[in-house]
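The values are calculated or read from the model by the stated rules, or taken from the named source; none is laboratory data. These numbers were taken from a predicted model, which means no experiment stands behind them. Glycine also receives a Cβ, built like all others from the backbone with ideal geometry; neighbour counts cover every protein chain displayed.
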Amino acid sequence: MTTQAATAPSSCKLLSRQLVDTAFIAAINTRYNATVTDATSLQGTDGLDLDSVAVTTDFYGLVVLTVHDQGCRVRHLSPQTIAGCDTVGDVVDKVWADLSAPFGT
Amino acid sequence: MGIRAAFGCCTILLVVTSLFGATTDSGSASPQAIYQGALKEFKAAESDCGNQPTAGALTRLAKAAQALAEATTRLEARKAAPTAGPATRVVAGEHPVKTPGGETNNFFKMLSDHHLSLSESPGAGERNPARFSYSQDLRKGTTGAQFETDFYLNWDLDPGGIPTEFFLSNQSLITNALSLSAQGKLSSTDTQSTDAWRFRFEDQLVDIFPKGSFVLNASVKEESDRDFHLERVGTEIWTTITDTSLFIGGGPTKSWIVPQWRPYLGVDIGEYPNSDTLPADANSTVWLFGRLTGRLSFPTFAKELGFDNLYLYVDDNLRYLAETSRLFNYLKAGFNCGFTKDLGLGLEYSYGNDSPKFLEEHMVNVSLTLKF
């Protein structure tokens, strides 16, 4: 088995919050067979209803993979950061803040 | 031992003070309100600049323009309409900013922002809340009343980044996360039997694949009775999977009853440095364990009654002690009624033999429940 460390972004396509939002909503809908908006809750029974293990592992992995698929890479986004988000919109905000933060921070 | 006792006291103090934390619902401004505020400020700054274009006025205008741009972006994002495919399950879109009783609790949010989380036990998928209970020991009849707490406080050690991240393919990813935790199961009486402390240094590895994920949690653990007379030092490894198409770990549903469950398998290897007070059949280096947690939520019923959540749950732990060939089962089942996302009331029944001593327990309790 060959493991390959993720490389630094060379052609990141997530250049605005709107693009992050669009990419995430598409990825979430596909993975969880759902139709979500920014206001959909992650753990509420009126939302995705994910348990805490799923949020910090499965959903967190989806976030990292989606960012990676768009040619970008998260820098300071941990599973606990995602666990602190109530809604899909909160996750998009955190990811956009991470991607748009100045280098070296 | 002094350090452990101090850490234990600090943990209890934190847990107790969190109970008395602020319970005001702060809510948050809507994107529309933020946009209106930004627009107002921009117009005022523009007017100032037109009247007298000083350096200060220009700086104010630049800041106002930036704030307006951000507010506009946020507003547009909120207005973006979802596209529903015919085969997809529709998720209730609007999660209210404010729910009855308040969902955005400042104090709990602050603790959460400091990378602390509180629940009843580690790895419990549904993260049942910590419990502060009035209990009745059913073995002792009318003399078995006591106060009891059951909590698991976890501190994320790597909030600022991802220590390792390997892409095995385009759709497979391994990440890990380090944390320290303290678990307490303490009662006001009978401290020599069923009480326990568990301190862990944990690492959680996750492999994500297209429709699910595999979790491996490894920890160095010290387990003891309440007064640290009996200690067990070792390592614990458990695994679980997430597949929302099978309701393992959740998944969106639109029904009156929402099921959710999670299986675990694991091994616990450890030694008792001093096992004088340990029952002979409980003295084993290797424990193999299986665990099954399940939950049935009633979201519609909860909403109609004005609660945040209502659910029934079960958490069954099965431990096989390899050297003594003993099998111990420990079952907890109950009902929880959440006033808010964080606070609630619960009724729990527990029966069986829990570590480290594996003495029989048969309890029922009424609890104030709390998680963040």
Which residues, counting only those in the range A:41-57, are within 7 Å of chain B (Cβ to nearest Cβ), buried (at least 24 other Cβ atoms within 10 Å of the Cβ) and either assigned to a loop (DSSP other than H, G, I, E, B) or free of Cβ contacts under 8 Å to residues at least 12 places away in the same chain (or both)? A:T45, A:G47, A:L48, A:D49, A:L50, A:D51, A:V53, A:A54
Tell me, which residue of the range B:246-266 that is at the interface with chain A (Cβ under 7 Å from one of its Cβ atoms) and polar (S, T, N, Q) is surrounded by the fewest Cβ atoms within 10 Å (Cβ to Cβ)? B:T253
Output yes when any residue across the range B:271-289 is touching a Ser or Thr at 6+ places or on another chain (Cβ under 7 Å), within 14 Å of another protein chain (Cβ to nearest Cβ) and either closer than 24 Å to B:F201 by Cβ or part of a loop (DSSP other than H, G, I, E, B) (or both), and no when none is. no
If you go through the range A:28-38 one residue at a time, do you hit one that is more than 7 Å from chain B (Cβ to nearest Cβ) and either farther than 29 Å from B:L111 by Cα or touching a His at 6+ places or on another chain (Cβ under 9 Å) (or both)? yes
Residue under question is B:R131, and the condition is that it be among the charged types (D, E, K, R), closer than 30 Å to B:G352 by Cβ, touching a Leu at 6+ places or on another chain (Cβ under 8 Å) and modelled with pLDDT of 75 or more; does it hold? yes
Test A:T66 against the stated conditions and say whether it is touching a helix residue (DSSP H, G or I) at 6+ places or on another chain (Cβ under 7 Å), at pLDDT 85 or above and either more than 7 Å from chain B (Cβ to nearest Cβ) or not in a loop (DSSP other than H, G, I, E, B) (or both). yes
B:G234 vs. criteria small (G, A, S), crowded, with 17+ Cβ neighbours inside 10 Å and within 11 Å of chain A (Cβ to nearest Cβ): no
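Conditions tested, residue by residue: (1) buried (at least 19 other Cβ atoms within 10 Å of the Cβ); (2) within 20 Å of the chain's Cα centre (by Cα).
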| position | (1), (2) |
| --- | --- |
| B:S297 | yes, yes |
| B:F301 | no, no |
| B:E304 | no, no |
| B:L318 | no, no |
| B:D342 | yes, yes |
| B:N353 | yes, no |
| B:N365 | yes, no |
| B:T369 | yes, yes |
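Condition (residue is of a type in the set (A, V, I, L, M, F, W, C), more than 9 Å from chain A (Cβ to nearest Cβ) and under 27 Å from A:F59 (Cα atoms)) applied to the range B:220-227: is it met by at least one residue?
Checking the range B:220-227: at least one residue is of a type in the set (A, V, I, L, M, F, W, C), more than 9 Å from chain A (Cβ to nearest Cβ) and under 27 Å from A:F59 (Cα atoms).
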